[in-house]
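The values are calculated or read from the model by the stated rules, or taken from the named source; none is laboratory data. In this text, all values refer to a predicted model and were calculated from it rather than measured experimentally. Neighbour counts run over all protein chains shown; Cβ positions are idealised from the backbone, glycine included. Note: areas computed on protein heavy atoms with side chains; ligands, DNA, RNA excluded. Shrake-Rupley method; radii C 1.70, N 1.55, O 1.52, S 1.80 Å.
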Amino acid sequence: MAPERPARPERPLLRPPKEVPKRRAFGSPAGRVALLHALAHIELNAIDLGWDIVARFSGEPLPRAFFDDWVGVASEEAHHFELLARRLTDFGAGYGDLPAHDGLWESAAATADDLLARLAVVPLVLEARGLDVTPEMAARLERVGDPQSAAVLHRIYSDEIGHVAVGVRWFDQLCRVRGLVPEEVFRERVRRFFKGDLKPPFNYEARAAAGFPACYYEPLAAGAR
């Protein structure tokens, strides 16, 4: 039986999302540390989310390939965390030095009893959002003369396309096995389990590379209704 929460290091201090400072200034070392720390925290949560879907839904009648895929995703998320943690040490910092929030794990808790909701919200909303914003973050790092940090983000971005693809593939397959229309179920689950609208602009190229059709998510975009 999966635990309600994963084990956590003593740091970072977890605060409500509104109390965590926004990361805006990439030009200073402190600004880049804040960015890298926030991304490392996201990746740590992503490791737990990958393993949680394996443990929490192990009693479902799913093929071995489903679990193998999510073990692979969790392994890549662990590598991303290591890359970011190593880059933080280049700045004389470390993971846990700054506060963080628990918003990602709250999404896991909300979808703990519904596999289709978990797939809709975690890989197809949260990870897909990473595809939208990561290229510009990497470009900003390059513009301020930090190609090393940008290279880490490029690696993460490339792998995340594959993670979204895993989510799309299993979401579609499970819907069709159950006689459901995937795009309709996606919109219903996101409206029920995700707070707020999806934020454009979308990275249509990366989402398409992951096999994620725009007809799923465009009706949920801010301003679409």
#### Entry: Positive-end residue, the chain charge dipole about Cα centroid, Cβ charges, pick of Ala209, Leu13, Ala221
Ala221
### Task
Enter the accessible area per residue of the stretch 51-208 (Å², integer; probe 1.4 Å; all protein chains in place).
46
### Query
Under the Karplus relation 6.51 cos²θ - 1.76 cosθ + 1.60, θ = phi - 60°, what is the ordered set of whole-Hz ³J(HN,Hα) values for the stretch 91-103, x standing for Gly and Pro?
9, x, 10, x, 5, x, 6, 10, x, 9, 10, 10, x
### Message
Can you compute 3J(HN,Hα) from phi for each residue in the stretch 65-76, using the Karplus curve 6.51 cos²θ - 1.76 cosθ + 1.60 with θ = phi - 60°, rounded to whole Hz and x for Gly and Pro?
### Response
4, 4, 5, 4, 4, 6, 5, x, 4, 4, 5, 5
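Place a +1 charge on the Cβ of each Lys and Arg in the stretch 103-214 and a -1 charge on the Cβ of each Asp and Glu, then give the dipole magnitude about the Cα centre in debye, rounded to the nearest 20. Don't skip to the end; give the middle numbers.
Numbers: 15 positive and 16 negative charges, 43 e Å.
Dipole of the stretch 103-214, to the nearest 20 debye: 200 debye.
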#### Entry: Förster radius 30 Å - calculated FRET efficiency between Ala209 and Ser28 (Cβ-Cβ, nearest 0.05)
0.35
## Note on the structure
Between the alpha carbon centres of the stretch 81-151 and the stretch 31-74 the gap in Å comes to 12
### Vicinal HN-Hα couplings computed from phi for the stretch 112-119 (Karplus, 6.51 cos²θ - 1.76 cosθ + 1.60; Hz; Gly/Pro x)
5, 10, 9, 4, 5, 5, 4, 5
### Query
How much length, in nm to one decimal, is gained on full extension between Gln148 and Glu136, taken as 0.36 nm per residue of separation minus their Cα-Cα distance?
2.8 nm
### Query
For the stretch 80-225, what % of the accessible area comes from carbon and sulfur atoms, probe 1.4 Å?
53
### Student exercise, the stretch 34-93 dipole from Lys, Arg, Asp, Glu Cβ charges, in Debye to nearest 20
100
### Message
Using the crude model of +1 on Lys and Arg Cβ and -1 on Asp and Glu Cβ, and no other charge, please compute the dipole size for the chain relative to its Cα centre, in debye to 20.
### Response
580
#### Entry: Gain upon complete extension [Val181, Asp68; 0.36 nm per residue less C-alpha separation]
38.2 nm
